[in-house]
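Engineer: Here you go, one structure.
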């Protein structure tokens, strides 16, 4: 079975291609950008190109997208073209080719304003039952693409799984205030408590989704590291997040202090992956306990796969908007990333 991977020059696409090739599985990497993991260069907005790529394909993992940082450099129309029209073209081509599994990479950013409780309210407990309230063109187009996937599963009998992934990018936070106050490794270690997932676990979830799609018909799942929190912690997380973590992991403070790190004073949302573990059989390996074990041993807490893929960089704010949906496709513009700050 050949698996078509869109966005093969991006973080997730490259990671998927690395694992599929290492396992000796037939995979076809597609991207607008040439890379060692891209077998065919072209756009998902090009219907003829997509149809040619579908020859012999039995599963599609659609990871190509314009990301949230591209809002600064791309038009709303470019987001619609790539994230919505491109997805529609892939879905139609998959049906025509008799594809047996279609996996769409979505994002927890689709929840939008639902992630931010009102002042004084407990932290939000985010499950698949929470209704999205998109707050930018990125979220709008990802939700629209999810709806297309569900439509094709229902009306065209295309087995489809949507994975709403939490943060797995290695770059610094897009909030300048967070970048100024916290080291990048400090931020990403803390996020493993409630809103981050390791790239290796994201790959595992996608490959399980390929296998499970035919029996599920349609499914939508949050893909995030296992949180140590429960609904009983939500009020305290908005008031004193370090206190909650100190109760659960008394040793964390010493490991953070040794590096000059600190936890965020408040946590406003918690992503819950229980449905993905129950229905996909997904068993993420990387969580906050793993982070602490690595800090104790002075090791990088990221997986070997995440370290191998590295950083793709974000688009520079000075770049002009792309005139068409052909740039970039599944990969961020190449910039020189800053030092990681991760433990060895």
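Bear in mind that the values in this text are calculations on the coordinates, not laboratory data. Please read all numbers here as calculations on a predicted model, not as lab measurements. Please note: Cβ atoms are built from the backbone with ideal geometry, for glycine as well, and neighbour counts cover all protein chains shown.
Engineer: Taking neighbour Cβ counts within 10 Å as the exposure measure, how do 248, 280 sort from fewest upward?
Structural biologist: Ranked by crowding around the Cβ, least crowded first: 248, 280.
Engineer: How big is the shadow of the Cα convex hull of the stretch 170-236, averaged over all directions, in nm²?
Structural biologist: The directionally averaged projection comes out at 6.5 nm².
Engineer: If I stretch the segment between residue 131 and residue 150 completely, what's the gain in nm (0.36 nm per residue apart, minus their alpha carbon distance), one decimal?
Structural biologist: So the chain would gain 5.3 nm between residue 131 and residue 150.
Engineer: Okay, helix-only estimate at 222 nm for the chain: each DSSP H run of n ≥ 4 adds -39500 (n - 2.57), divide by all residues, round to 500 deg cm²/dmol; what do you get?
Structural biologist: -11000 deg cm²/dmol
Engineer: Taking square-rooted eigenvalues a ≥ b ≥ c of the alpha carbon gyration tensor, is the stretch 30-155 rounded, prolate or oblate, where a/c under 1.5 means rounded and, failing that, a/b exceeding b/c means prolate?
Structural biologist: Prolate shape, in that a/c is at least 1.5 and a/b is the bigger ratio.
Engineer: Follow-up. Hey, what did the stretch 50-102 get for relative contact order, percent, Cα under 8 Å, at least 6 apart?
Structural biologist: Relative contact order for the stretch 50-102 comes out at 65 percent.
Engineer: Could you tell me the extents of the stretch 88-222's C-alpha atoms along the three principal axes, largest first, rounded to whole Å?
Structural biologist: The Cα atoms of the stretch 88-222 stretch 51, 31, 24 Å along their principal axes.
Engineer: How do 130, 197 rank when sorted from fewest to most other Cβ atoms within 10 Å of their own Cβ?
Structural biologist: Final ranking by Cβ density, sparse to dense: 130, 197.
Engineer: So if the hydrodynamic radius of the stretch 49-118 is defined as the Kirkwood radius over C-alpha pairs, what does Stokes-Einstein give as its diffusion coefficient at 20 °C and 1.002 mPa s, in µm² per second?
Structural biologist: D = 155 µm²/s.
Engineer: Remind me, relative contact order of the stretch 1-134 in percent, using alpha carbon pairs under 8 angstrom and six or more residues apart?
Structural biologist: 22
Engineer: If you don't mind, another one. Taking 8 Å as the Cα distance limit and 6 or more residues as the minimum spacing, I'd like the relative contact order of the chain as a percentage.
Structural biologist: Averaging sequence separation for qualifying contacts and normalising by length gives 23 percent for the chain.
Engineer: Taking 0.36 nm per residue of sequence separation and subtracting the Cα-Cα distance, how much length would be gained by fully extending the chain between residue 215 and residue 71, in nm to one decimal?
Structural biologist: 48.2 nm
Engineer: Further question on the same structure: Quick one: order 62, 67 by neighbouring beta-carbon count within 10 Å, fewest to most.
Structural biologist: 67, 62
Engineer: Between 103, 223, 203, where does the largest GNM mean-square fluctuation fall for the chain, given springs only between Cα atoms within less than 10 Å?
Structural biologist: Of the options given, 203 has the highest mean-square fluctuation.
Engineer: Now, a different point. Which of 172, 121, 23 moves most in a GNM of the chain, Cα contacts under 10 Å?
Structural biologist: 23
Engineer: Let me see the P(r) profile for the stretch 147-278: every Cα-Cα distance counted, bins of 5 Å, each bin given as a percent of all pairs.
Structural biologist: Going out from 0 Å in 5 Å bins, the stretch 147-278 shows 2, 10, 16, 18, 17, 14, 9, 7, 5, 2, 1, 0 percent.
Engineer: Taking Cα atoms, how many degrees apart are the long axis of helix 137-155 and the longest axis of the chain, rounded to 10 and kept between 0 and 90?
Structural biologist: 50
Engineer: What nm value, rounded to one decimal, do you get for the distance between residue 289 and residue 307 when each label is placed 7 Å out toward the C-beta?
Structural biologist: Computed distance between label sites residue 289 and residue 307 equals 2.3 nm.
Engineer: Quick one: length gained pulling residue 40 to residue 113 fully straight, 0.36 nm per residue minus the C-alpha distance?
Structural biologist: Full extension of this stretch gives 22.5 nm more.
Engineer: Also, quick follow-up: Stick to Cα atoms and the Kirkwood definition of Rh, then tell me Rg/Rh for the chain.
Structural biologist: Result: Rg/Rh = 0.96.
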